[in-house]
Amino acid sequence: MSARDDIFANIRRSLGVNGTEKIRHQIVADRLERSPKGVIPKRGQVSGEERIALFKTMVETSLATVTEVSSAAEVPQSIALFLRNHNLPATLRMGDDPRLNAMPWSDTALEIAHGPSEGRDLNAVSHAFGGIAESGTLAMVSSADNPSTLNFLPDNHIIVVSAKDIAGDYESVWNRVRFAYGKGSMPRTVNWITGPSRSGDIEQTLLLGAHGPRRLHVVVVRD
Amino acid sequence: MTVHSTSPQFKQNAARALNDHQLQKALGNVKQGFIDKRQMAADKLPEFEALRDAARDIKNHTLEHLDLYLESYEEKVKASGGHVHFARDAAEAREIILGICRETNAKTVTKGKSMISEEIGINHHLEANGITPVETDLGEYIIQLRNELPSHIIAPAVHLNATQVEEDFRRVHTHLDAKRDLSEPVQLLTEARAVLRERFLAADVGVTGANFLVAETGTSIIVTNEGNGDLTQILPKTHIVLASIEKLVPTLEDVSQLLRVLARSATGQEMSVYTTFSTGPRRSTDADGPENYHVVLIDNGRSSMLGTAFEEMLRCIRCGACMNHCPVYHAVGGHAYGWVYPGPMGAVLTPSLIGVDKAGHLPNASTFCGRCESVCPVRIPLPKLMRHWREREFERHLTPATVRSGLQLWGFFAKRPGLYRFATRAAMGALSFAGRQRGRFTWLPMAKGWTKYRDFPAPQGETFQQRWKRERSGRAA
């Protein structure tokens, strides 16, 4: 008997089932099909300005910084200012996201590089799939547009998120993922990011910048 | 079985731990940090208790249908281009992992934090076969340098102080300037970051655990604060996920419920920094990520726990809240438990996995104060399960002879209420008389082990039953 068959046989013996019970199959198929929501905290169940305000507060609670611009065209200047204010070099790596590509980077003195990171970049920018106000979390999906390495290798990570993509709760983001990728399918990687990298492994002291970015900066675009 | 256990020597381990000043200093951090932070996070979310109920129900539902959700999960992983392997036990799991590493001619393997990888002892096996495993979670990295097991399931190096870490770094990082300043924890972190960054970039295979597996989508999930698990899995050509079979949940909605209680219970965060959902290998639309994606599903004793009293233990999501709140853990730390899983969850799980004959001391290492159960995010009745183990230990005559005869003696009196009342009255009266001057005893016959560490207060002369009777009649009047 293969390990697989053995394990299934043992599970079924322990549960007192044989795996062919129609009712059990029905229950499982139904749950996978309907994916019922559980308890959704009231905190995130706000809309409009209130939701964006909550998102920004929670982003700051996670020790990231956040700023707001009134249009996508203002993003490059805003990021250049952020880097200057922190005495960081005017370099920036990004993927091929059409929303980022359409921004007027040549208005700034930023030296732009494209493609995934090989681990030597100081600064990178990614565009979020969405934001979650409940906890100040950014939802990133992997693709050449926004390579996963940009989320982790640079010292300073900047995430651009459209105000209209900020949801109240995680479940709303899953609905959008299903709409974009199909029910039961996922992009290779979805990263939820809540604040900059940190560790408490030495004497339970919170230190930022463990292996991932030391700084996380979020730019909310009103449009 | 798996990694070596010193659980049979729990009493000696505990005695040593109580006299270890470095350890006692480090354990002070556990008491201060975790408890308040968890409470604050719970207080900030009015739905927290309802979410704990939901978390419990999701895990129960999944366990009842585990065979079917596993089938669905397996199908989805394959559909996304990944490979699923099944391992009955630790040895099978080790061979599967070694086989994948050999296929890719791997020389170094980076590792995200994974308790199941500790359970199956993979590091030693890889080393024995010429492959270098590199732990990348800061705490795991430190204990790997020291050749130790984690002493806590989410804070593996919680038993150490910064000066000890500094000594280890100086001993191992000999390529760096011997005169460098490492007096601040942040300097230690920066050094580890730089050393491990090179390891990440050079690794051939990345091994992570999984906090959850999603049947709906074939997704594995890791939760970290450092980002090490992500660098482990996106940089090398091959990503291997190690997961025990009870990590399954049905849907993305279900896992979102569990994630709402996990970080709050563990570190008191609203959400951990990085929650990563991985489904299969790199796609044609991706510019980075692993080309090969393997999942090793490990049973190692779980399937036999289903349908027993210990099935409830399979709900555990490894948050560590039980040990953070345990007075015994606070006193002796994690290593005294002698195997991979310490604290109350370890006291229940370890006898299931390595046998009550070896780990029988662990369920006895509890005052049954109930704090662990009161904070468990999936409401595992840990004291009840420890009591089950004590009963089994007694039934199987594994309990020491002195304890057995003591219990028999007590049983003799307890079954004869008149005699019991008489004997306790006589004993309390005698003790009250003998201790009337000092009000306490520094020494008592047959209780040396107790009075060695603290005084025994002298009874007031009345037994509990007498007082109960008196107060009841007083209230009735």
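The residues of the range A:30-56 that are part of a loop (DSSP other than H, G, I, E, B) and of a type in the set (Gly, Ala, Ser), listed by number, are A:SER35, A:GLY38, A:SER47.
Just one residue in the set B:LEU45, B:LEU68, B:LEU63 is without any contact (Cβ under 8 Å) to a residue 40 or more places away in the chain, of a type in the set (A, V, I, L, M, F, W, C) and either within 8 Å of another protein chain (Cβ to nearest Cβ) or closer than 23 Å to B:LEU259 by Cα (or both); that residue is B:LEU68.
The listed residues are B:GLY112, B:GLY139, and the only one of them that is crowded, with 24+ Cβ neighbours inside 10 Å, in contact with a Pro (Cβ under 6 Å, 6 or more places away or on another chain) and within 21 Å of A:THR205 (Cα to Cα) turns out to be B:GLY139. Within the range A:197-223, the set of residues being more than 7 Å from chain B (Cβ to nearest Cβ), touching a Gly at 6+ places or on another chain (Cβ under 7 Å) and not in a strand (DSSP E or B) comprises A:LEU206 only. Residues being without any contact (Cβ under 8 Å) to a residue 60 or more places away in the chain, of a type outside the set (Asp, Glu) and over 21 Å from B:ASP254 (Cα atoms): count how many of those fall in the range A:40-64. Total satisfying the criteria: 2. Within the range A:184-196, if we keep just the residues that are without any contact (Cβ under 8 Å) to a residue 60 or more places away in the chain and in a loop (DSSP other than H, G, I, E, B), the residue that is farthest from A:GLN77 (Cα to Cα) turns out to be A:SER185. Here is a check on your reading of the model: is B:ALA263 within 13 Å of another protein chain (Cβ to nearest Cβ), of a type in the set (A, V, I, L, M, F, W, C), in a helix (DSSP H, G or I) and crowded, with 22+ Cβ neighbours inside 10 Å? So B:ALA263 fits the description; yes. Kindly evaluate B:GLU135 against the criterion of being closer than 15 Å to B:LEU242 by Cβ, in the same structural domain as B:THR224 (by TED's automatic domain parsing) and touching a helix residue (DSSP H, G or I) at 6+ places or on another chain (Cβ under 7 Å). It is true that B:GLU135 is closer than 15 Å to B:LEU242 by Cβ, in the same structural domain as B:THR224 (by TED's automatic domain parsing) and touching a helix residue (DSSP H, G or I) at 6+ places or on another chain (Cβ under 7 Å). Among residues of the range B:151-165 being at the interface with chain A (Cβ under 7 Å from one of its Cβ atoms) and either surrounded by fewer than 24 Cβ atoms within 10 Å (Cβ to Cβ) or acidic (Asp, Glu) (or both), the one that is nearest to B:GLY343 (Cα to Cα) is B:ASN161. A:ASN87 meets all of the listed conditions (1) part of a helix (DSSP H, G or I); (2) surrounded by fewer than 16 Cβ atoms within 10 Å (Cβ to Cβ); (3) polar (S, T, N, Q) but one, namely (1). Scanning the range B:78-93 for residues that are buried (at least 24 other Cβ atoms within 10 Å of the Cβ) and either part of a helix (DSSP H, G or I) or not assigned by TED's automatic domain parsing to the domain that holds B:LEU201 (or both) yields a count of 1. The numbered conditions (1) surrounded by fewer than 22 Cβ atoms within 10 Å (Cβ to Cβ); (2) over 25 Å from B:SER303 (Cβ atoms); (3) at pLDDT 95 or above are all true for B:GLY33 except (3). Among residues of the range B:297-328 being in contact with a Leu (Cβ under 6 Å, 6 or more places away or on another chain) and assigned to a loop (DSSP other than H, G, I, E, B), the one that is nearest to B:ARG94 (Cα to Cα) is B:GLY301. A:ALA139 meets the stated requirement of being facing chain B (nearest Cβ under 10 Å), farther than 16 Å from B:ARG197 by Cα and touching a residue at least 40 places away in the same chain (Cβ under 8 Å).
With respect to the conditions (1) assigned to a loop (DSSP other than H, G, I, E, B); (2) more than 7 Å from every other protein chain (Cβ to nearest Cβ); (3) buried (at least 18 other Cβ atoms within 10 Å of the Cβ), A:VAL59 lacks only one, and its number is (1). Of the listed requirements (1) exposed (fewer than 13 other Cβ atoms within 10 Å of the Cβ); (2) more than 10 Å from every other protein chain (Cβ to nearest Cβ); (3) within 23 Å of B:VAL214 (Cβ to Cβ), A:SER71 misses just one: (3). Within the range A:15-29, is even one residue surrounded by 19 or more Cβ atoms within 10 Å (Cβ to Cβ), outside any loop (DSSP other than H, G, I, E, B) and within 32 Å of the chain's Cα centre (by Cα)? For the range A:15-29, residues surrounded by 19 or more Cβ atoms within 10 Å (Cβ to Cβ), outside any loop (DSSP other than H, G, I, E, B) and within 32 Å of the chain's Cα centre (by Cα): present. Residues considered: B:SER366, B:SER374. Of these, the only one that is of a type in the set (Gly, Ala, Ser), surrounded by fewer than 24 Cβ atoms within 10 Å (Cβ to Cβ) and part of a helix (DSSP H, G or I) is B:SER374. Every listed requirement among (1) within 16 Å of the chain's Cα centre (by Cα); (2) within 24 Å of B:ALA79 (Cα to Cα); (3) within 10 Å of chain B (Cβ to nearest Cβ); (4) not small (Gly, Ala, Ser) is met by A:ARG176 save one, (3). Of the residues in the range B:232-245, how many are more than 10 Å from chain A (Cβ to nearest Cβ), farther than 25 Å from B:ARG197 by Cα and out of contact with any Gly (no Cβ under 8 Å at 6 or more places or on another chain)? Total satisfying the criteria: 1. Considering the range B:275-293, and only residues there that are assigned to a strand (DSSP E or B), facing another protein chain (nearest Cβ under 7 Å) and not β-branched (Val, Ile, Thr), the residue that is nearest to B:ALA263 (Cα to Cα) turns out to be B:PHE277.
State yes or no: is A:ALA109 surrounded by fewer than 15 Cβ atoms within 10 Å (Cβ to Cβ), of a type in the set (A, V, I, L, M), in a loop (DSSP other than H, G, I, E, B) and away from chain B (no Cβ under 12 Å)? The answer is yes for A:ALA109. Taking the range A:155-173 as the range and being under 20 Å from A:ILE79 (Cα atoms), buried (at least 18 other Cβ atoms within 10 Å of the Cβ) and within 11 Å of chain B (Cβ to nearest Cβ) as the test, only A:HIS157 passes. Can you work out which of the residues in the range B:169-217 that are of a type in the set (D, E, K, R) and within 20 Å of B:THR108 (Cβ to Cβ) is farthest from the other protein chains (Cβ to nearest Cβ)? Restricting to residues being of a type in the set (D, E, K, R) and within 20 Å of B:THR108 (Cβ to Cβ), the top hit is B:ASP204.
Filtering the range A:14-39 to residues that are more than 8 Å from chain B (Cβ to nearest Cβ) and farther than 16 Å from B:VAL249 by Cα leaves A:ASN18, A:THR20, A:GLU21, A:LYS22, A:ILE23, A:GLN26. With respect to (1) among the hydroxyl-bearing types (Ser, Thr, Tyr); (2) assigned to a helix (DSSP H, G or I); (3) outside the structural domain of B:PRO290 (by TED's automatic domain parsing), the lone exception for B:TYR69 is condition (3).
Confirm whether B:LEU385 is in contact (Cβ under 8 Å) with a residue 24 or more places away in the chain and of a type in the set (A, V, I, L, M). Yes: the conditions hold for B:LEU385.
Check whether at least one residue in the range A:161-172 is basic (Lys, Arg) and outside any helix (DSSP H, G or I), and report yes or no. Among the residues of the range A:161-172, not one is basic (Lys, Arg) and outside any helix (DSSP H, G or I), which makes the answer no.
The values are calculated or read from the model by the stated rules, or taken from the named source; none is laboratory data. Model, not experiment: these values are computed from the prediction. Cβ atoms come from the backbone with ideal geometry, glycine included; neighbour counts cover every protein chain shown.
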